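Enquirer: Just dropping this structure here.
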Amino acid sequence: MAKVTSKYQVTVPKKIVDEYSIRPGDDIEWVAAGEAIRVIPSRKPAAPRSHEARLRCYDQATERNRRHRSVPSSERPSNRGWRRGDLYGRGRSR
């Protein structure tokens with residue numbers, strides 16, 4: 001059973017995440033159904049990736065991480081052109 005946090009967030013159980021291939025950033029729809037609430041993924045479940053495909057993704061991520069860490073922090077740009085606070089109003093009409 002999931003609990004609602006103080007920010008009205010709910011954790012989707014792993015069994016459901018695996019069964020419906022829900023990933024971070026996916027949209028889900030909440031539909032009132034009488035005394036119940038239906039949660040509907042916005043897309044059809046994707047076929048599970050093969051073992052080889054998962055290994056390729058892992059290798060690519062490892063290589064990106066290795067390249068990122070090889071650049072000294074003194075050479076990384078310190079100004080991205082945005083601040084963390086800018087993200088909170090992003091996409092909202094002002």
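The values are calculated or read from the model by the stated rules, or taken from the named source; none is laboratory data. No experiment lies behind these values; they were computed from the predicted model shown. Using ideal geometry, Cβ is built from the backbone for each residue, glycine included, and neighbour counts are taken over all protein chains shown.
Enquirer: Out of all the residues in region 19-28, is one or more loosely packed, with under 10 Cβ neighbours inside 10 Å and part of a helix (DSSP H, G or I)?
Expert: Looking through region 19-28, none of the residues is loosely packed, with under 10 Cβ neighbours inside 10 Å and part of a helix (DSSP H, G or I).
Enquirer: Shifting gears a bit: If you take the residues in region 61-94 that are among the charged types (D, E, K, R) and part of a helix (DSSP H, G or I), which one is modelled with the lowest pLDDT?
Expert: Ranking the candidates gives Glu75 first.
Enquirer: Related question: Condition (residue is surrounded by 10 or more Cβ atoms within 10 Å (Cβ to Cβ), at pLDDT below 90, assigned to a strand (DSSP E or B) and of a type outside the set (Ser, Thr, Tyr)) applied to region 43-56: is it met by at least one residue?
Expert: No, that holds for no residue.
Enquirer: Then there is this: Among the residues of region 45-88, count how many are within 30 Å of Lys15 (Cα to Cα) and among the β-branched types (Val, Ile, Thr).
Expert: Qualifying residue count, region 45-88: 1.
Enquirer: Then there is this: Could you please let me know if Arg23 is more than 14 Å from the chain's Cα centre (by Cα) and among the charged types (D, E, K, R)?
Expert: Against the criterion (more than 14 Å from the chain's Cα centre (by Cα) and among the charged types (D, E, K, R)), Arg23 does not qualify.
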